[in-house]
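Read the structure below first, then the notes.
The values are calculated or read from the model by the stated rules, or taken from the named source; none is laboratory data. Quantities reported herein were computed from a predicted structural model and do not represent experimental measurements. So basically every Cβ, Gly included, is an ideal-geometry build from the backbone, and we count neighbours across all protein chains shown.
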Amino acid sequence: MSTRLFFNEVATRDGFQNEGQFVPTDDKVALVDALSLCGFVKIEVTSFTSPKHIPMLRDAEEVMGRIQRVAGVEYTVLVPNLRMPRSRSFAALSEVIRHVNGRVPINVSLSCAFGCPMEGDVPLAELLHWSQRFADLGVRGLTICDTTGMAHPGQVRACVEALQARLPKLQWTLHFHNTRGMGLANVLAAVQGGITRFDSALGGLGGCPYAPGASGNICTEDTLHMLQAMGYDTGVDLPRVLALARQLPTLVGHPVPGQVAQAGRIQDLHPAPAFIHDLMETPA
């Protein structure tokens, strides 16, 4: 299978912003530097937001200034919009895009694209409408976000096929959460629908502060493991990523949701337990 997939690591922004215990700046920089050597095409390092609202990322400027940049890796930050109606958010983002004036590529994330815990379903026509409006402003790409984990595979497949048919020149990225256990299934549906770019978070860190019961992003190492086992080329060094994932609980001070870091890859074989040998040697 020759399809090449591309991964954007978001743990140090989308993951860390939901942590209660401050991760020291030195540790953030070290993790970004280590992730830079794993084969990710993009790392979302941090976010320039009010320290009052997200104290975990109060060191954003220092982190961005200290990381070691590796050729071939894009280092991005999140610039959130204010809470306001879609039309006003679009107007505000339009001003940012015009101000940048093509000096750096812009990717716009559309949150709650598959459903909202307050409003319910988001019609596909609505998503197409806003995607077209941002495309008309000249953005390089759009990230379609299942912010609250409401998407299901059938919906994802129909959505990505419609978006690509309407706007084939945009760079599309899918951003899934695993809130209802369908994260990896949604990734597979998106891949089968032609999407090649995904956000993911080391260890499955993250969440959503306004979604009841929301869990983290799709787990980077679990997603890579599934796709590589199926024969897809992700360009990412999975053993190196797993080594970092196994250090993550110490870094954040609690267990993380990732499963492959605990169980190992399917090709990682282990000696049989002693009791199995005993059973095999017991006379009938």
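Observations on the model:
- One residue from P80, P105, P117, P85 being out of contact with any helix residue (DSSP H, G or I) (no Cβ under 9 Å at 6 or more places or on another chain), at pLDDT below 90 and over 29 Å from A189 (Cβ atoms): P85
- When F40, F7 are screened for being part of a strand (DSSP E or B), buried (at least 22 other Cβ atoms within 10 Å of the Cβ) and in contact (Cβ under 8 Å) with a residue 12 or more places away in the chain, only F7 passes.
- Among the numbered conditions (1) out of contact with any Cys (no Cβ under 9 Å at 6 or more places or on another chain); (2) hydrophobic (A, V, I, L, M, F, W, C); (3) within 18 Å of T173 (Cα to Cα); (4) surrounded by 15 or more Cβ atoms within 10 Å (Cβ to Cβ), the only one that V79 does not meet is (4).
- When residues in segment 54-63 are screened for being part of a loop (DSSP other than H, G, I, E, B) and exposed (fewer than 13 other Cβ atoms within 10 Å of the Cβ), 0 of them pass.
- Filter result (among the aliphatic types (A, V, I, L, M) and either free of Cβ contacts under 8 Å to residues at least 24 places away in the same chain or part of a strand (DSSP E or B) (or both)) within segment 143-199: I144, A165, L174
- Enumerated helices (runs of 4 or more DSSP H) restricted to segment 225-284, each holding at least 1 residues that are modelled with pLDDT of 95 or more and closer than 24 Å to F198 by Cα: 238-252, 260-263
- Qualifying position, being touching a residue at least 60 places away in the same chain (Cβ under 8 Å) and either β-branched (V, I, T) or in contact with a Lys or Arg (Cβ under 8 Å, 6 or more places away or on another chain) (or both), among V63, V23: V23
- The set of residues from segment 98-121 being in contact with a Phe, Trp or Tyr (Cβ under 7 Å, 6 or more places away or on another chain) and either surrounded by 20 or more Cβ atoms within 10 Å (Cβ to Cβ) or in a helix (DSSP H, G or I) (or both) comprises just one member, V108.
- Scanning segment 10-37 for residues that are β-branched (V, I, T), in a loop (DSSP other than H, G, I, E, B) and touching a strand residue (DSSP E or B) at 6+ places or on another chain (Cβ under 7 Å) yields one hit, V10.
- So E95, is it loosely packed, with under 15 Cβ neighbours inside 10 Å and at negative phi: yes
- Any chance S131 is among the small types (G, A, S), assigned to a strand (DSSP E or B) and buried (at least 20 other Cβ atoms within 10 Å of the Cβ): no
- Qualifying residue in segment 142-151 (condition: under 23 Å from H99 (Cα atoms) and touching a Gly at 6+ places or on another chain (Cβ under 8 Å)): no
- Within segment 200-224, the residues that satisfy the criterion of being at pLDDT 95 or above and in a loop (DSSP other than H, G, I, E, B) are L205, I218.
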